[in-house]
Amino acid sequence: MNDAAHFKTQLDDARAQMRAALDGIDELMPVYEGWTIKHILAHIAGWDDATTASLRAHISGNEPGTPAARGIDYYNAQSVAEREPLPFPHIVKEWELAREQLKATLDALPEAKFTEKFVFPWGPMGTVDQIIGIMVHHEIEHAQEIEVLKKQAKSEPEAEADKSEPDDSAAGSMAADNVTVADNAESDDTKANDTGSA
């Protein structure tokens, strides 16, 4: 299916998954080395902006710029660095606004343009279906990573609490081992006496 409503639904579903992952999150929680939640949202907003620019060029028939022509890693670092001084609430607004602008651009896309190939922000050519699929998968992947980190952060205090309590199972196991050692020692003494008497 190649229509704006279909692609907007996919984008909305991915965004809903990310919002759920962000619920109750600590904005300073590290996600990657040097990247917190703030950087992840700036990163996603940057790619939405780049995709919107490519789609607008596609609509007008102009040759688009390729903001990630120097490489995806370079563009990631650049788009995040540009937003680094901004406070977290501002980043959240940009993240939401960038998605709305992307969806509005899809609404403005003529039907014939949905199946025509155009230049992606990082250089190669593809269709609207392909680039929206990439953006959707991209956000869902980050949402899943954040969910995993949230679970890990929640389980760590519980693990620490468990460590502070006596480990009855370990004590029971040690007691059982001591009984086994004592039984074995008694058995060895009996054998020694029997051998001596023989």
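Here are a few things to note about the model shown:
- Selected residue (only one of E100, E96, E116 is modelled with pLDDT of 95 or more, outside any helix (DSSP H, G or I), assigned by TED's automatic domain parsing to the domain that holds E139 and among the charged types (D, E, K, R)): E116
- Within region 66-79, one or more residues are β-branched (V, I, T), outside any helix (DSSP H, G or I) and more than 17 Å from T9 (Cα to Cα).
- Qualifying position, being assigned to a helix (DSSP H, G or I), within 19 Å of I44 (Cβ to Cβ) and either modelled with pLDDT under 50 or in contact with a strand residue (DSSP E or B) (Cβ under 8 Å, 6 or more places away or on another chain) (or both), among E139, E186, E145: E145
- Residue tally, condition surrounded by fewer than 12 Cβ atoms within 10 Å (Cβ to Cβ) and either of a type in the set (S, T, N, Q) or under 24 Å from the mean Cα position of the chain (by Cα) (or both), over region 53-69: 2
- Some residue of region 61-70 being polar (S, T, N, Q), without any contact (Cβ under 8 Å) to a residue 40 or more places away in the chain and in the same structural domain as E111 (by TED's automatic domain parsing): yes
- Of the criteria (1) acidic (D, E); (2) surrounded by 13 or more Cβ atoms within 10 Å (Cβ to Cβ); (3) assigned to a loop (DSSP other than H, G, I, E, B), which one D48 fails: (3)
Residues are listed down the side, and each one gets a yes or a no for (1) farther than 14 Å from P121 by Cβ; (2) touching a helix residue (DSSP H, G or I) at 6+ places or on another chain (Cβ under 8 Å):
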residue: K8; (1), (2): yes, yes
residue: R19; (1), (2): yes, no
residue: D23; (1), (2): yes, no
residue: E33; (1), (2): yes, no
residue: T105; (1), (2): no, yes
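The values are calculated or read from the model by the stated rules, or taken from the named source; none is laboratory data. These figures come from a predicted structure and were not determined experimentally. Cβ sites come from the backbone with ideal geometry, for glycine too, and all protein chains shown count toward neighbours.
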